[in-house]
Amino acid sequence: WIKPQIPPGALTYKNAKALGDTGFELADAVITPPLSDDKQKPEPIRVKTITVETLDFDAIDKQQPPLFAKIKFDGVTSAASAGRFNLKEMAGIDGISADFGVNYKLDPDKKTFTLKRLELNLNGLAKLETSFVIDGVSAADATNPGAAMNDASLKSADLTYDDHSLLSKVLPVAVMGLYDLGYVVRMVRAS
């Protein structure tokens with residue numbers, strides 16, 4: 001489950017430095033995704049800085065999900081063809097620049113999962129931030145999220161979304177998709 005899935009050469013970086021006892025920072029990183037199903041070479045994803053302030057390396061060494069992490073990706077850039085999506089065709093976006101961060105802790109004794117912060121900032125388009133606390137979650141539930149929902153309860157949550165034009169770009173794509181779906185339904189009914 002936790003075994004490294006990164007093939008050799010998939011992550012490169014120019015500089016690295018230690019942060020405290022367990023943290024590190026990678027500068028000018030390049031992530032090269034594996035070939036897609038149609039064997040097309042994917043566009044590399046560039047990351048100005050990857051900062052790992054804290055991470056449960058002990059759990060990772062034991063092939064278990066980390067009980068805590070505070071990680072930030074700053075200056076993530078990708079061309080219009082990001083992964084399997086063509087952003088230029090879908091939303092008229094030539095490329096994307098984003099920042100992503102996550103800070104969480106699972107307290108196995110109290111069975112409490114605290115997402116202190118999850119942030120996605122699509123620079124110039126939109127920013128999404130959330131935090132929440134869930135009770136009734138054990139360390140074993142991390143590998144079986146379906147079972148976790150049986151006993152888990154949401155204690156508190158915050159969600160903030162700032163739109164800077166993403167909706168105006170995505171909405172036409174969604175409307176066109178709904179229009180196409182409606183057309184298909186009408187054609188099926190007529191036959």
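Counting charges near residue 120 (Lys, Arg +1; Asp, Glu -1) among other residues having Cβ under 14 Å from its Cβ returns a value of -3.
Of the peptides 51-59, 152-160, the order by per-residue mean of other Cβ atoms within 10 Å, starting with the highest, comes out as 51-59, 152-160.
At the residue level, residue 161 shows approximately 100 square angstrom of accessible surface with a 1.4 angstrom probe and all protein chains present. Here, the range 113-161 has an Rg and a Dmax of 13.3, 39 Å when only alpha carbons are counted. Listed peptides 16-24, 118-126 appear in the order 118-126, 16-24 once ranked by packing, highest mean of other Cβ atoms within 10 Å at the front. The distance between label points at residue 13 and residue 62 comes to 2.6 nm (points 7 Å beyond Cα on the Cα→Cβ vector). I want the local charge near residue 29. Using Cβ-Cβ distances under 9 Å, sum +1 for each Lys or Arg and -1 for each Asp or Glu among the other residues. For residues surrounding residue 29, the net value is +2. Beyond 31 Å in Cα-Cα separation lie the following of the pairs 17/116; 14/41; 41/116; 14/62; 39/127; 41/62: 41/116; 39/127; 41/62. Net charge near residue 111, counting Lys/Arg +1 and Asp/Glu -1 over other residues with Cβ under 14 Å of its Cβ? After counting each charged neighbour, the total is -2.
The values are calculated or read from the model by the stated rules, or taken from the named source; none is laboratory data. Note that the structure is predicted; figures quoted are calculated from it, not measured. So basically every Cβ, Gly included, is an ideal-geometry build from the backbone, and we count neighbours across all protein chains shown. To get the accessible areas, we keep the full protein, side chains included, count just its heavy atoms, and leave off ligands, DNA and RNA. Shrake-Rupley method; radii C 1.70, N 1.55, O 1.52, S 1.80 Å.
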